[in-house]
Structure formats: C-alpha cells, structure tokens
Amino acid sequence: MRTASRIAPLALLPVAALLLAGCFGGGSKSSAPKKVRPGKPIQQIDVKESEFKLDPNKVSFDRPGIYRFQAINAGKQVHALKIVGPGVLASTAKIKPGQATTVDVVVAKKGSYKFFDPLGDHRKLGMVGTAQFED
C-alpha cells in the first residue's frame, strides 16, 4: 500500500506540467500565420493556357485568403494547372481545348508559390508561373 501512495502524486506531474504550459507558454501571435476565413474566394485569377505558355505567368496575393484559379485552355492540347507553395498543393483535372475549370487555394503563409501545367513536359516547355505573397 505504501508504494501506491507514493506513485499517485508522481502520476499527476505530467498533467500539472501541461496545465502550466497552457497558462504560461504560448508564443507570440505575430509568429503565427494569419487566419483565413472559410467560404468565398477573395479573388479569381484567370490563367490562359496555350502551347506552351501561361498568361499571366506572374501574379501576387495581396492578403491571406482563398484565391480561385480559373484555368482556361486556349490551346489545342489537353492541359491542367497545379499550384504549389507554403502549405498549398492543389491541381485541376485535365482540361480539354476550349474548356475551363477552377481550383481554390488557401493562401495563409508568406512566400513564393508556383503554378504550372503538370502534364507531360509542358512545364519544361515554359508553362510555368510564379505568385508572391509578401503581406
């Protein structure tokens, strides 16, 4: 019985440590990424895809939020659009000539983003663009 009474207080130490960390720990709000409200996109970015370029191939994000990329296939081949960056990995399905589709991305972190056509060697042939978020 004596051993059990000594172990019980020791078992509470991790719980106490977690409670204290919650009260006194933390970190500053300035180091955390800005919160993005769910819902409607704040801007639509139309990207025309043709052989073998994207128009525009440079865009910027002026604030955190949801951005809708509309990929418009203005070419004669099947294309697609992929967006990658800090916390972002999104892509469209294949887009037939003359059609368009959209994909929404949540931009919450500062940095550089890339968008490109991931099909075949389209990216190597010049179907690549950049987006910047500097807040």
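The values are calculated or read from the model by the stated rules, or taken from the named source; none is laboratory data. Small disclaimer: the values here were computed from a predicted structure and weren't measured. Counting neighbours? That spans all protein chains shown, and the Cβs are built from the backbone with ideal geometry, glycine included. Side chains included, ligands, DNA and RNA excluded: accessible areas come from the protein's heavy atoms. Shrake-Rupley method; radii C 1.70, N 1.55, O 1.52, S 1.80 Å.
A compact table of results
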quantity: Some residue of the range 94-113 being without any contact (Cβ under 8 Å) to a residue 24 or more places away in the chain and either of a type outside the set (Val, Ile, Thr) or part of a strand (DSSP E or B) (or both); calculated: yes
quantity: Top-ranked residue of the range 83-93 - restricted to ones that are open to solvent by 60 Å² or more (accessible area, probe 1.4 Å) and out of contact with any Leu (no Cβ under 8 Å at 6 or more places or on another chain), ranked as nearest to residue 62 (Cα to Cα); calculated: 87
quantity: Candidate set: the range 94-119, residues that are small (Gly, Ala, Ser) and more than 22 Å from residue 40 (Cβ to Cβ); chosen: the one surrounded by the most Cβ atoms within 10 Å (Cβ to Cβ); calculated: 111
